[in-house]
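> Sharing a structure, written as structure tokens. Questions coming.
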Amino acid sequence: MAQMTTDLPEMMTHTACSSSQLRQLSRSMVRHLGMLNAACGDLPLSPVQAHALFEIGRQPQTIKELAYRLSIDKSNASRAISHLVEKKLAQSQIHPRDNRCLVVQITTAGKKLLAKLDTQQNRLFQDILAQLTPAQTQQIEQALMLYNQAIHNAKQQNGCLIRQAKAEDDAAIAQVIRAVSAEYGLTADKGYSVADPTLDCLSQIYSQTGANYWVIEVEGRVLGGAGIAPLANNDGVCELQKMYFMPEIRGKGLAKRVALMALDFAREAGYQSCYLETTAVLNEAIKLYEKLGFIHLSAPLGNTGHDACEIPMLLNLKPT
């Protein structure tokens, strides 16, 4: 099933170059914003303490909740709160529903210092935004939202292994496709892909030139996957196929990640466009395809045999 693996190093090199540049930009931003300094501007707060004060200023929180919101370990969050308590900027009390943990809340002195922190940070960012046009500001906001979501998804995907499928995965992949199809009522008698006679031997189908299938493995279990294969009788067109995910790995951004991998593979393989067929019941999938740039077609391409999939879509893979 690894017919096209010779293309993968080039794809990985491109990703590595983008990753290196993004890391450099991220490091530069952290440094310029003073996140490596011992104090936050001219205030008696370290960056971690400032972030902790901001969070408890929004609402009282436990150490565990604070650690989660700040994306730090509990011991680091606990130290930050201890310093805030020592400075009388925060106070802790027994949780009303669990006497084994403490709830931390901001004090009056903490609120006054938080107001100064807000003023300081507002002034800093006003000076930054003064260098940009309104259109550039909006562009940066949108890009940072995407970046922040990507960071969140990457954390959510920790422990998920995405790899090329092997022959020994056939039974597990078929089981995933059948289980998800049944969940959404996409039964064989209605003409959905679960009726494909090749479902139990997908490794043979995706071993052809210009085809590939990726699986998502968690703790040794295959829980999802997606594939690319040539669209019959349509030169230069591939099809995004059999994209299914079990409930326990949904909501982590894995569908988008695997789809992007498949589309990168398709471009490297020389395809000019990518086709797919789906159905209205898979509303979240349709939204994803639209965000990826797929457009709706008025009629299907070729004859895939999936008569029940009433929504054909196409993506132009050529550089614009």
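> Tabulate in residue order the Karplus-calculated ³J(HN,Hα) for the range 236-250, using 6.51 cos²θ - 1.76 cosθ + 1.60 with θ = phi - 60°, rounded to whole Hz; enter x for Gly and Pro.
Ordered by residue, 3J(HN,Hα) equals x, 10, 10, 10, 7, 10, 6, 9, 9, 9, 5, x, 5, 10, 7 Hz.
> Which three extents, in whole angstrom, do the alpha-carbon atoms of the chain cover along their principal axes, largest first?
72, 50, 36
> Could I ask something else about it? Could you work out [θ]222 nm for the chain from helices alone, using -39500 (n - 2.57) per DSSP H run of at least four and dividing by all its residues? Round to the nearest 500 deg cm²/dmol.
One gets -14500 deg cm²/dmol as the mean residue ellipticity at 222 nm.
> Treating the angle as unsigned and between 0 and 90°, give the value, to the nearest 10°, between the Cα long axis of helix 74-86 and the longest Cα principal axis of the chain.
That helix lies at roughly 20 degrees to the long axis.
> Please work out how much length the chain gains when fully extended from MET29 to LEU43, using 0.36 nm per residue of separation minus the C-alpha to C-alpha distance, in nm with one decimal. Write down the numbers at each step before the final one.
On the way: separation 14, 0.36 × 14 = 5.04 nm, distance 2.03 nm.
Gain on stretching MET29 to LEU43: 3.0 nm.
> Next question, about the same structure. According to a simple spin-label model (label point 7 Å from Cα along Cα-to-Cβ), what is the distance in nm between THR137 and VAL85?
4.1
> Compute the angle between helix 108-129 and the longest alpha-carbon principal axis of the chain, please, reported from 0 to 90 degrees and rounded to the nearest 10.
Roughly 60 degrees, rounded to the nearest 10.
> In the P(r) worked out for the range 123-240, what percent of Cα pairs fall beyond 21 Å?
58
> Given the range 70-157 reduced to its alpha-carbon atoms as identical point scatterers, what log10 I(q)/I(0) does the Debye formula return at q = 0.15, 0.20, 0.24 Å⁻¹?
Debye curve over Cα of the range 70-157, log10 I(q)/I(0) at q = 0.15, 0.20, 0.24 Å⁻¹: -0.90, -1.03, -1.09.
> With charges set only on the Cβ (+1 for Lys and Arg, -1 for Asp and Glu), what does the dipole of the range 130-260 come to about its Cα centre, in debye to the nearest 20?
The dipole magnitude comes to about 380 debye.
> Set Lys and Arg Cβ to +1 and Asp and Glu Cβ to -1, take the dipole of the chain about its Cα centre, and tell me which of SER46, CYS274, ALA150 lies farthest positive.
SER46
> Still on this structure, I have one more. Answer with one residue from GLN241, HIS83, ALA130: the one whose Cα lies farthest towards the positive end of the charge dipole of the chain, charges on Cβ with Lys, Arg +1 and Asp, Glu -1.
Going by the charge dipole, the pick is HIS83.
> Round to a whole number: what % of the accessible area of the chain belongs to carbon and sulfur, probe 1.4 Å? Could the numbers behind the result be given before it?
On the way: 10030 of 18930 Å².
Carbon and sulfur together cover 53 percent of it.
> Might you tell me the accessible area per residue for the chain, computed with a 1.4 Å probe and given in Å²?
59
> I've got another one for you. With all pairs of different alpha carbon atoms counted, what Kirkwood hydrodynamic radius in Å does the range 171-320 show?
15.6
> Under a Cβ-only charge scheme (Lys and Arg +1, Asp and Glu -1), can you give me the dipole magnitude of the chain about the Cα centre, in debye to the nearest 20?
1940
> Over the Cα atoms, compute the radius of gyration (one decimal) and Dmax (the largest Cα-Cα distance, rounded to a whole number) for the range 42-92, in Å.
9.7, 29
> With axes computed from alpha carbons, what is the tilt in degrees of helix 8-32 against the longest principal axis of the chain, rounded to the nearest 10 within 0 to 90?
Approximately 20 degrees, to the nearest ten.
The values are calculated or read from the model by the stated rules, or taken from the named source; none is laboratory data. Model, not experiment: these values are computed from the prediction. Glycine also receives a Cβ, built like all others from the backbone with ideal geometry; neighbour counts cover every protein chain displayed. Areas reflect the complete protein model, heavy atoms only, side chains present, ligands, DNA and RNA absent. Shrake-Rupley method; radii C 1.70, N 1.55, O 1.52, S 1.80 Å.
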